[in-house]
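All remarks here apply to the structure that follows.
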């Protein structure tokens, strides 16, 4: 059976169109498969762009101290019970230094902020404010911050404030800060030691329990009188 000429042409035209569209869609699918890894890589490149600001959580404080139940020795930086009047680690007399946990609420809250606030700028301001008080009760907090804060700017500020307070107990912790990983902290520790040396002559740190020191005092006086 023979088809009319026009009908045959129409069938061939439709067949060509189907083949053309089929090849066209196959080409699109093939190109998508080829370009997909490039697209993924470009997305990764955008995510790794140096111009994209990444928000990172602030570094946590290495240790934690409860100023309501503990105090920090301003000489060695170790935490002891708030009721102790001498340091069980280095033996220095703390009876003349009030624990900041027993002081006014403002000082206590500033101490907590200086030691635990997640923002280093806030911790630095709290350290600066405590140093401006100029009181011996802040020595332990500043010592704690100098030895434990993860931010070098905060540790530098603590070293600066300890130097300005001119207390002989701070000489030991400032000497420890000479081994700090940050050059600016080490430099500030040197300046702090200079300030204390210029202001006062280092006195011998009395060690032992209060009652033991009381027993030794008359003997020391007798020795001094005999020497005179």
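The values are calculated or read from the model by the stated rules, or taken from the named source; none is laboratory data. Computed from a prediction, not measured in an experiment: that's the story for all the values here. Virtual Cβ from ideal backbone geometry, glycine too; neighbours counted across all protein chains shown.
Please go through the stretch 109-120 and give me each residue that is over 10 Å from residue 141 (Cα atoms) and touching a residue at least 12 places away in the same chain (Cβ under 8 Å), ordered by number.
Initial filter on the stretch 109-120 (over 10 Å from residue 141 (Cα atoms)): 109, 113, 116-120.
Once the filter is applied, which keeps residues that are over 10 Å from residue 141 (Cα atoms) and touching a residue at least 12 places away in the same chain (Cβ under 8 Å), the stretch 109-120 yields 113, 116, 118, 119, 120.
Residue 91: in contact with a helix residue (DSSP H, G or I) (Cβ under 7 Å, 6 or more places away or on another chain) and either crowded, with 19+ Cβ neighbours inside 10 Å or more than 17 Å from residue 146 (Cα to Cα) (or both), yes or no?
Numbers: in contact with a helix residue (DSSP H, G or I) (Cβ under 7 Å, 6 or more places away or on another chain): no; either crowded, with 19+ Cβ neighbours inside 10 Å or more than 17 Å from residue 146 (Cα to Cα) (or both): yes.
Here the answer is no, as residue 91 does not meet what is asked.
Report those helices (runs of 4 or more DSSP H) wholly inside the stretch 130-228 carrying at least 1 residues which are surrounded by 12 or more Cβ atoms within 10 Å (Cβ to Cβ) and modelled with pLDDT of 95 or more.
Values: elements: 139-148, 152-165, 170-177, 183-199, 210-227.
Filter on the stretch 130-228 gives 139-148, 152-165, 170-177, 183-199.
Quick check on residue 108: is it assigned to a helix (DSSP H, G or I) and either surrounded by fewer than 12 Cβ atoms within 10 Å (Cβ to Cβ) or modelled with pLDDT of 95 or more (or both)?
Numbers: assigned to a helix (DSSP H, G or I): yes; either surrounded by fewer than 12 Cβ atoms within 10 Å (Cβ to Cβ) or modelled with pLDDT of 95 or more (or both): no.
It is false that residue 108 is assigned to a helix (DSSP H, G or I) and either surrounded by fewer than 12 Cβ atoms within 10 Å (Cβ to Cβ) or modelled with pLDDT of 95 or more (or both).
Do we find a residue being at pLDDT 90 or above, over 21 Å from the mean Cα position of the chain (by Cα), surrounded by 15 or more Cβ atoms within 10 Å (Cβ to Cβ) and within 16 Å of residue 133 (Cβ to Cβ) anywhere in the stretch 64-80?
No, the conditions are met nowhere in the stretch 64-80.
Can you find even one residue in the stretch 91-100 that is more than 14 Å from residue 167 (Cα to Cα), in a helix (DSSP H, G or I) and without any contact (Cβ under 8 Å) to a residue 24 or more places away in the chain?
No, every residue in the stretch 91-100 fails to be more than 14 Å from residue 167 (Cα to Cα), in a helix (DSSP H, G or I) and without any contact (Cβ under 8 Å) to a residue 24 or more places away in the chain.
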